[in-house]
Amino acid sequence: MTPLLPEQADALRALQRVCDELGIDVVVIGAIALRVWILHEYRVTEDIDVAVALDLDELQVLTVRLAFLGWRPDQRWEPRWHSPHGARVDLLPIGLRARQKRQVVWPRAETTMRVLGYEHVFQDATVHELEPGLRMRVPPLPVLALLKIVAYVDEPATRQKDLEDILVIIDTYEEDTERRFSDEVLDAGIQYDEAGAFLLGRDLQARCTSAYEADVVRRFLGRVSDPDFQLPAHVARRRVSDEEGAESMLGRQLAALARGFG
């Protein structure tokens, strides 16, 4: 199960109940979803990110019900709602048209969010128990990695948490399974500390079914493999105590990720 603040658990229970009543597909994404797969001590979040299978002009069907329960919209960030007990919930309206157009346009803020990878979010998500009695759908780890790659590539200066999460996924991917010792790793001559990155690359490649998804992963690889790229200082400190060792290991992992992606 995933550690949640009491107000987060209450908000998710209410959201799941309303979505079930309305027949709306809802999937937990973001840091809470990541903690289903990786419990990382420093990655605690007060925000809840969920994708709902509604387009923006259909979202009112859901928000009217939430408002009746005491939820209120944020005055600055359009997707954000506040539950009666203070949980912050970002409701991302990722309906069929948003996925076809590959974007959501927020009219009030006049900003655009790129929509890539969400077909996999809704198709591949599986049910997990986040708290006793709270069962919600969560995407598999490669899909979460793809969402974070898209977010970081679009806004690298402001999405450093996504970069940090990507590196944590690379470090820990398949570390508790036999895949790191499988023939696909051994035959490629991949070392153990590179194996997670290599396997993540393989799994990303299998899921990047559109040219747009493959392109954004390649753009990410190009950016972080650039000789002038530097890890943010706080990210480098959290990886290993020896920064030179961190740079060397990261370089090998990124090369393995690129090799796995092909």
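The values are calculated or read from the model by the stated rules, or taken from the named source; none is laboratory data. What you are looking at is a predicted structure, and each value in this text was computed from that prediction instead of being measured. Every residue, glycine among them, receives a Cβ derived from its backbone with ideal geometry; neighbour counts consider all protein chains shown.
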>> Tell me yes or no: at least one residue of region 192-211 is free of Cβ contacts under 8 Å to residues at least 12 places away in the same chain and surrounded by 14 or more Cβ atoms within 10 Å (Cβ to Cβ).
In response: no
> Taking R219, is it under 19 Å from L141 (Cα atoms) and assigned by TED's automatic domain parsing to the domain that holds E155?
Replying inline: no
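Okay, residues lined up against (1) more than 23 Å from P3 (Cβ to Cβ); (2) touching a strand residue (DSSP E or B) at 6+ places or on another chain (Cβ under 9 Å):
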residue	(1), (2)
T112	yes, yes
P132	no, no
P140	no, yes
L144	no, yes
P156	yes, no
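Table: residues versus (1) among the aromatic types (F, W, Y); (2) more than 25 Å from Q123 (Cα to Cα); (3) in a loop (DSSP other than H, G, I, E, B).
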| site | (1), (2), (3) |
| --- | --- |
| K148 | no, no, no |
| E164 | no, yes, no |
| A188 | no, yes, yes |
| F198 | yes, no, no |
> Counting only residues that are exposed (fewer than 13 other Cβ atoms within 10 Å of the Cβ) and small (G, A, S), which one in region 82-138 is nearest to E58 (Cα to Cα)?
Replying inline: A109
> Within the group R76, R35, R65, which residue is among the basic types (K, R) and under 21 Å from the mean Cα position of the chain (by Cα)?
Replying inline: R35
> Looking only at region 143-180, which residues are of a type outside the set (S, T, Y), farther than 19 Å from R223 by Cα and crowded, with 23+ Cβ neighbours inside 10 Å?
Replying inline: V143, L144
> Can you name the condition, by its number, that D55 falls short on among (1) under 21 Å from I32 (Cα atoms); (2) acidic (D, E); (3) surrounded by 14 or more Cβ atoms within 10 Å (Cβ to Cβ)?
Replying inline: (1)
> What strands (runs of 3 or more DSSP E) completely inside region 6-91 contain at least 1 residues that are within 23 Å of T126 (Cα to Cα) and of a type in the set (D, E, K, R)?
Replying inline: 47-52
